[in-house]
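Written below as structure tokens is the structure these notes are about.
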Amino acid sequence: MRHPGLLVSVVFLIYTMAITGNITLILLIWADPHLHTSMYFLLSQLSLIDLAFISSIVPKMLVNFFSGKKKISLIGCGTQIFFTLTLGIAECLLLTLMSYDRYVAICNPLKYPIIISHQVSQKMTIGSWVGGTLASLAHTAYAMHFPLCGPRVLHHFFCEVKAILKLSCEDISAYEKGVLVTSIVVVLLPVSFILTSYTLIFLQVLQINSREGKSKALATCSSHLTVVIFYYGPAMLIYMRPGSSHTPILNQGLFMFDTILTPMLNPLIYSLRNREVVGSMKKVLRKCPIQNRLPCFSY
């Protein structure tokens with residue numbers, strides 16, 4: 001790479017924006033009583049996952065660059081694999097459940113408070129975290145038990161399962177089939193569920209007579225659908241594209257988009273496309289003194 005310093009500077013800027021955007025969104029949802037609904041609770045959990053996801057990768061990357069020591073211990077590598085897989089799978093599950101939340105809100109609005117109560121949204125969140133943790137634990141333990149041989153040079157910007165498996169001395173074909181099965185369960189099935197949900201949503205939206213009602217429903221759904229495309233698109237190209245293991249540079253670019261760019265874009269997408277979030281932000285800014293806008297969250 002000709003200009004690594006420039007790339008690291010851009011990554012640091014993106015990381016700063018991701019941290020700021022996601023923390024701001026979480027604090028807004030926590031501080032504004034009007035946002036204390038199941039939809040925004042799930043959105044705050046998405047921001048929390050994004051915050052942890054990008055933080056499990058970028059700080060180590062920056063430390064390696066500025067220290068000049070591009071090394072990581074085997075335990076550190078296994079730990080990073082565990083957290084990135086946990087958070088990645090948890091986000092897949094949460095995005096799927098969020099599509100169901102939107103389906104109920106638009107197709108069964110009168111029953112929404114009953115079907116998607118606060119307790120149900122909490123169970124959705126817990127299920128996403130537990131599902132991600134269990135799947136990650138199984139894959140991390142199995143992937144790290146393979147012996148490594150030859151030069152332990154990882155051609156990646158973080159410890160990733162497929163990159164680690166390339167250094168293994170043993171035949172990993174059986175495990176690769178397991179990764180494919182997991183990809184189908186974690187990626188393909190949720191995408192099918194999301195597409196089904198949005199097909200039903202759009203059919204319902206077409207029956208809404210009010211133009212304002214249509215635009216509000218589409219604005220809410222388009223934000224979530226954009227996030228789904230940004231997240232699932234690269235994931236499907238990485239794990240379900242034939243011959244993806246033979247294109248490491250392309251995979252790194254896709255991972256860069258999925259793990260670094262997407263956590264930065266998510267709060268922007270939801271903030272710019274959501275009138276309630278924008279209104280809450282304006283309300284907070286109006287309550288802050290012009291001279292000092294730092295202690296804003298004092299409700």
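The values are calculated or read from the model by the stated rules, or taken from the named source; none is laboratory data. Please read these numbers as outputs of a predicted model, since none were measured by experiment. All Cβ positions, glycine included, derive from the backbone under ideal geometry; neighbour counts span all protein chains shown. To get the accessible areas, we keep the full protein, side chains included, count just its heavy atoms, and leave off ligands, DNA and RNA. Shrake-Rupley method; radii C 1.70, N 1.55, O 1.52, S 1.80 Å.
Whenever you get a sec, compute what percent of the accessible area on the chain sits on carbon and sulfur atoms (1.4 Å probe).
70
Arrange the peptides 49-57, 73-81 so that the one whose residues have, on average, the most other Cβ atoms within 10 Å appears first.
With the highest mean Cβ count within 10 Å placed first, the list reads 49-57, 73-81.
Per the Kirkwood definition applied to all pairs of different Cα atoms, how many angstroms is the hydrodynamic radius of the range 123-235?
Computed over the range 123-235, the radius equals 17.4 Å.
List the pairs from Lys70/Lys177; Lys111/Lys282; Lys71/Lys166; Lys214/Lys287; Lys123/Lys282 whose alpha-carbon separation is above 23 Å, in the order I gave them.
Those over the limit are Lys70/Lys177; Lys111/Lys282; Lys214/Lys287; Lys123/Lys282.
Toward the positive end of the charge dipole of the chain, about the Cα centre and with charges on Cβ (Lys, Arg +1; Asp, Glu -1), which of Pro248, Phe53, Val277 goes farthest?
Of the options given, the answer is Val277.
So how far apart, in nm, are the two label points at His145 and Ser222 if each is 7 Å from Cα heading toward Cβ?
Label at His145, label at Ser222, 5.0 nm between them.
Output the relative contact order of the chain, whole-number percent, from Cα pairs under 8 angstrom with separation of 6+ residues.
This gives 25 percent for the chain.
Relative contact order for the range 4-86: what percent, with Cα pairs under 8 Å and sequence separation of 6 or more?
30
Add -39500 (n - 2.57) for each DSSP H run of 4 or more in the chain, then divide by its residues: what number comes out at 222 nm, to the nearest 500 deg cm²/dmol?
-24000 deg cm²/dmol
Do you know the relative contact order of the range 1-144, to the nearest whole percent, from alpha carbon pairs under 8 angstrom that are 6+ apart?
Relative CO of the range 1-144 lands at 27 percent.
Suppose all protein chains stay in the model; what accessible area per residue would a 1.4 Å probe give for the chain, in Å²?
54
I need the Debye-formula profile for the range 29-152: one equal scatterer per C-alpha, no solvent, reported as log10 I(q)/I(0) at q = 0.13, 0.14, 0.16 1/Å, two decimals.
Debye intensities relative to I(0), on a log10 scale: -0.65, -0.72, -0.84.
Which three extents, in angstrom, do the Cα atoms of the chain have along their principal axes, listed largest first?
For the chain, the Cα spread along each principal axis is 64, 49, 33 Å.
Which listed residue (Ser192, Gly78, Ser121) has the Cα farthest towards the positive end of the charge dipole for the chain, taking +1 on Lys and Arg C-beta and -1 on Asp and Glu C-beta about the Cα centre?
The one lying farthest along the dipole's positive direction is Ser121.
Which residue, Ile14, Ile114, Ile184, has the most motion in a Gaussian network model of the chain that connects Cα atoms within less than 10 Å?
Per the Cα network of the chain with a 10 Å cutoff, Ile114 tops the list.
Please list log₁₀ I(q)/I(0) at q = 0.14 Å⁻¹ for the range 14-58, using the Debye equation with identical point scatterers on the alpha-carbon positions.
-0.32
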